[in-house]
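Only one structure is covered here, and it is reproduced in the block below.
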Amino acid sequence: MRGFGFREHGGPEQLGYVEVPEPSAGPGEVVVRLRAAAFNRLDRFTLAGIPGVPIERPHVLGSDGAGVVDQAGPGVDDLSAGTRVLLNPGLWDGRCPACARGDEALCREYRIVGEHTQGTATERVAVPRRNVHPFPSEWSFADAAAVPLVFETAWRALATVGAVQAGERVAIVGAGGGVATAAVQVAKLLGARVVVAARGRQKEEAVRRLGADDLVVVSEDRPLDRALWDWSGKEGIDLIFDSVGAPTLGRSLRAVGRGGRVVVIGATAGSKVELDLRTLFWRQASIRGSTMAGRREFETVLGHLARGALRPVVDSVHPFDEGPAAFRRLDDPGLFGKVVLGGPGS
Ligand SMILES: NC(=O)c1ccc[n+]([C@@H]2O[C@H](COP(=O)([O-])OP(=O)(O)OC[C@H]3O[C@@H](n4cnc5c(N)ncnc54)[C@H](OP(=O)(O)O)[C@@H]3O)[C@@H](O)[C@H]2O)c1
Ligand SMILES: [Zn+2]
C-alpha cells in the first residue's frame with residue numbers, strides 16, 4: 001500500500017511516497033480506509049528524527065485521519081463497515097495505574113499514531129476500537145481529519161491542566177497554527193477573555209472570527225511581555241498557552257500576574273530556555289507541561305465540536321499526490337489552521 005512519508009530521516013528533501021504493508025485488524029482493533037489525513041508540526045519533528053523515539057522505516061506520516069470503517073477485528077461487533085469515523089491518534093495500554101484512573105494521557109506506554117506507529121497519510125490504518133469515533137454528517141472528511149490532535153491538546157492544556165476559569169485573561173502565543181486556532185476557541189468556550197499574540201495583524205480578522213477578543217502585535221520594540229502586560233491593564237495574564245518555546249517562554253513568564261500560569265505544549269522555535277527564577281517565585285507563578293489528552297477529554301472536546309460550539313479550522317486541502325506541496329504549506333507565513341491531505345481515491 002502506498003503512503004506519504006520518508007525512507008530516511010532528514011529535511012523535506014526526504015519526503016516522498018513509500019510502500020508499507022497493508023494493516024489487518026487484530027483483536028479489539030478496526031481498520032479504517034482513510035479519506036483524509038492532516039499534518040501537524042509533529043510530522044516535521046518525526047521526519048527530522050526525535051531522539052529516543054525509534055521508528056520503523058519506511059515511515060508514513062500523519063497523526064490525524066478520517067475515513068470509513070473497512071474491517072473490524074475479533075471482538076468488535078458494534079461498528080459496521082462504511083461508518084464514517086475520525087481517529088484519536090493517542091495510544092495507551094489500558095493497563096497501567098494512570099490508565100486505571102482514567103488519565104490515559106499519562107500512560108507509561110503512551111504513543112502517538114504517525115510518530116511511534118505508521119501514520120494516516122496512506123490508504124488504511126489499524127487502530128484500537130476505542131480510538132475511532134463517528135463524526136457529524138455535515139462535516140467533510142477533511143473537517144474531521146482537522147480535529148483530533150489539536151483539539152484534544154488544546155482541551156487538556158486549557159481545561160484540565162490550566163483549569164481556565166470564566167472571566168480569566170488567557171493569551172495564546174501565535175495566531176495561525178493548528179493548535180493555536182483550536183486553543184483560541186477552547187479558551188473562549190471556557191469563558192476566558194482571549195488575546196492572541198502574533199507577529200503581525202494579517203490574521204487578526206480570522207482569529208476574531210474564532211472568538212478571540214483581541215490580537216496584540218509582538219515586535220522587537222514591543223516584545224511579548226510588554227504587549228501582554230499592557231493589554232492586561234498592567235495586572236498580568238492569568239494563563240499563557242505557549243507552544244513557541246525558546247524565543248517566548250521567558251517573556252511569557254514575565255507577562256503573567258500573581259499566581260498566573262504558563263502552559264507549555266510545544267517548542268516550535270527551540271526547546272532550551274533561560275528563566276529568571278525570581279519572577280517565578282515572586283509572582284508565585286507556575287509553568288506546567290501538557291501533552292495530548294485522555295479518553296474522556298477527547299470525548300468531551302469532540303462533543304463540543306459535534307454540537308457546533310467549536311469548529312474545525314481547515315487551512316487547505318491538497319490531493320494525495322501533492323504531499324510535498326501540502327507539507328511545505330506548514331511553513332507558509334499565511335498558514336491558518338490545518339493542512340489536510342486527501343486520501344488516495346478521495
Ligand atoms: N504536547 C502536545 O501534545 C502537542 C500537540 C500538538 C502540538 N504540539 C507542539 O505545538 C507546536 C505547534 O504545533 P502546530 O501543529 O500547531 O504547529 P503549526 O501549525 O506549524 O503552528 C506553528 C505556530 O507557531 C507560531 N509561531 C509564533 N512564533 C513563532 C516562531 N518564532 N517560529 C515559529 N513559529 C512561531 C505560529 O504563529 P503565527 O501563525 O502567528 O505565525 C503558529 O501559531 C509544535 O511545536 C508542536 O510540536 C504539542
Ligand atoms: Zn497506561
Report summary line: Spelling it out for residue 114: with amide H atoms placed in the peptide plane at 1.01 Å from N, the residues 5 or more places away or on another chain with amide H under 5 Å from its amide H are 119
**Report entry** Hz values of 3J(HN,Hα) by residue in the range 96-107 - Karplus curve (6.51, -1.76, 1.60), Gly and Pro given as x
**Finding:** 7, x, 5, 4, 4, 8, x, 10, 4, 4, 9, 3
Report summary line: Under the rule rounded for a/c under 1.5, else prolate if a/b exceeds b/c, else oblate, using alpha carbon gyration tensor axes a ≥ b ≥ c, the range 152-289 is classed as rounded
**Report entry** Amide H partners (placed H, <5 Å) of residue 169, local residues excluded
**Finding:** 193, 238, 239
Report task. Among 286, 136, 59, pick out the residue whose Cα is farthest towards the positive end of the charge dipole of the chain, where Lys and Arg carry +1 and Asp and Glu carry -1 on C-beta, about the Cα centre. Result -> 286
Query - Under 20 Å from the residue 220 label point (7 Å along Cα→beta-carbon), backbone N, the range 254-287 - result: 269-270
Report task. Report the local net charge at residue 208: Lys and Arg +1, Asp and Glu -1, summed over other residues whose C-beta lies under 15 Å from its C-beta. Result -> +2
Report task. Determine by what factor the alpha-carbon radius of gyration of the range 1-145 differs from 2.2 N^0.38 Å, reporting the quotient. Result -> 1.04
Query raised in the report: Per-residue ellipticity at 222 nm for the chain, helices alone: DSSP H runs ≥ 4 residues times -39500 (n - 2.57), over residue total, nearest 500 deg cm²/dmol?
Result: -6000 deg cm²/dmol
Report summary line: What the 20 Å binned alpha carbon P(r) of the chain shows, as percent of pairs per bin from 0, is 32, 58, 11, 0
Query - Amide H contacts under 5 Å for residue 310, placed H, 5+ residues apart - result: 305
Report task. Using a cut-off of 14 Å between beta-carbons, work out the net charge of the residues near residue 308 (Lys and Arg +1, Asp and Glu -1, residue 308 not included). Result -> +1
Report summary line: Any aspartates and glutamates whose Cα falls less than 12 Å from that of residue 188, other than same-chain ones fewer than 8 residues away, would be 168, 213, 214
Requested in this report: Write down the radius of gyration of the range 280-346 and its Dmax, each obtained from C-alpha positions, in Å.
Outcome: 17.7, 58
Query raised in the report: How much length is gained if the chain between residue 100 and residue 2 is pulled fully straight, taking 0.36 nm per residue apart and subtracting their Cα-Cα distance, in nm to one decimal?
Result: 31.6 nm
Report task. Output the peptides 108-116, 292-300 sorted from most to least packed, where packing is the average of other Cβ atoms within 10 Å over each peptide's residues. Result -> 292-300, 108-116
Query raised in the report: Taking θ as phi - 60°, what are the ³J(HN,Hα) couplings along the range 323-340 by the Karplus curve (6.51, -1.76, 1.60), each to the nearest whole Hz, with x for Gly and Pro?
Result: x, x, 5, 4, 5, 4, 4, 4, 9, 6, x, x, 3, 9, x, 9, 8, 10
Query raised in the report: Fewest first, what order do 170, 85 take by the number of other Cβ atoms within 10 Å?
Result: 85, 170
Requested in this report: Mind giving me the nanometre distance, one decimal, between the label points for residue 137 and residue 57, set 7 Å out from Cα along Cα→Cβ?
Outcome: 4.7 nm
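No lab work stands behind these numbers, since they all come straight from the coordinates. These numbers come from a predicted model, not from an experiment. Neighbour counts run over all protein chains shown; Cβ positions are idealised from the backbone, glycine included.
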